[in-house]
Amino acid sequence: MTDSSNRSFIRPAKVILLVLLALLVYGVALVVWLPAGWVWAQASSHIQLPPGISVQQVSGTLWSGAARVDVQRKPVRVDWQLAWPDVIGLRQPVALSLETVSSRVDGNLTLGWPGSLVADLSGRLHVPEFADVIRQSGGALLEGDVVIDRLRVTMADRRLDSAAGLARWPGGNVSWPMGDRRQSAVFPPMQATLTDSTSGLLLRVSEQGKAEPAAEASLALNGMMDIRVYKRMVDLAGQSWSGAAQPGDVIFQVQQPLLPGGRF
């Protein structure tokens, strides 16, 4: 009777099940406790980061960790927290936060196999914190914070698939380069919307509550950016303009590569 019970307990199917359960527990423990710094040390030589971005320090575990990343010589703290994976859908959810001295962006990523990503982000950017980068690129410098209400980006096959978002700025002083000096004006509250277009993405800047654009930037999938400024922008700045241009007329347009050498 005892021999029969022993033989039934250690049947091959049960042995295989116990081995699989042990491997599953080991795999989960490995992910939970594996040092993130060790993982980065092994993987860093195989990862090519964009120019101007470098990882300085990684701490915590693969499941829940943090890293210090320098972006154009500015330190950014990155924190992440993995959730339980979707095994059937081959997706891994990740809670993410990016923080500088005065800015913070939080969101959720969903990493899919193979090569897909969905990012839902929101946060606040303190624009003066990035003044040196903005001046070097010849852009306009805003005072105060830009609030990102929502930003959703999707990638498929490691290429940008779509993006949509809304950001708001409460208004205030804006300065921009004009020859060898800078000019400034006070603007009302503004908003920026990001949507898909037939050739890529469209970023539209307008006065809050108004549909008519003051400026637009078309981002093509080949990395080219087409910027258009309307007479309406001059009117919002309270500046004079010679000629008989209407608010919806384009008074300035330029095309230039957004990303050096290629598609995004």
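The values are calculated or read from the model by the stated rules, or taken from the named source; none is laboratory data. This is a predicted model, so every value here is computed, not measured. As a convention, Cβ positions derive from the backbone with ideal geometry for all residues, glycine included, and neighbour counts pool all protein chains shown. These area figures cover heavy atoms from the full protein model, side chains too; ligands, DNA and RNA do not enter into them. Shrake-Rupley method; radii C 1.70, N 1.55, O 1.52, S 1.80 Å.
The number of residues in the stretch 217-232 that are modelled with pLDDT of 90 or more and surrounded by 20 or more Cβ atoms within 10 Å (Cβ to Cβ) comes to 2.
Scanning the stretch 139-171 for residues that are touching a strand residue (DSSP E or B) at 6+ places or on another chain (Cβ under 8 Å) and assigned to a loop (DSSP other than H, G, I, E, B) gives G139, A140, E143, G144, D157, P170, G171. Of the residues D161, D145, the single one that is acidic (D, E), open to solvent by 60 Å² or more (accessible area, probe 1.4 Å) and either over 16 Å from V229 (Cα atoms) or outside the structural domain of L111 (by the TED database) (or both) is D161. Taken as a whole, the structure places V174 among residues that are assigned to a strand (DSSP E or B), of a type in the set (A, V, I, L, M, F, W, C) and over 21 Å from G107 (Cα atoms).
With a requirement of 1 or more residues that are assigned by the TED database to the domain that holds G112, open to solvent by less than 50 Å² (accessible area, probe 1.4 Å) and of a type in the set (D, E, K, R), the strands (runs of 3 or more DSSP E) lying completely within the stretch 42-90 that satisfy it span 64-71, 74-82.
For the stretch 189-234, the strands (runs of 3 or more DSSP E) that sit wholly inside it and include 1 or more residues that are closer than 23 Å to D149 by Cα and more than 18 Å from the chain's Cα centre (by Cα) are 190-196, 200-207, 213-220.
Here A192 meets each of (1) closer than 17 Å to V127 by Cβ; (2) surrounded by fewer than 16 Cβ atoms within 10 Å (Cβ to Cβ); (3) at pLDDT 85 or above with one exception, condition (2).
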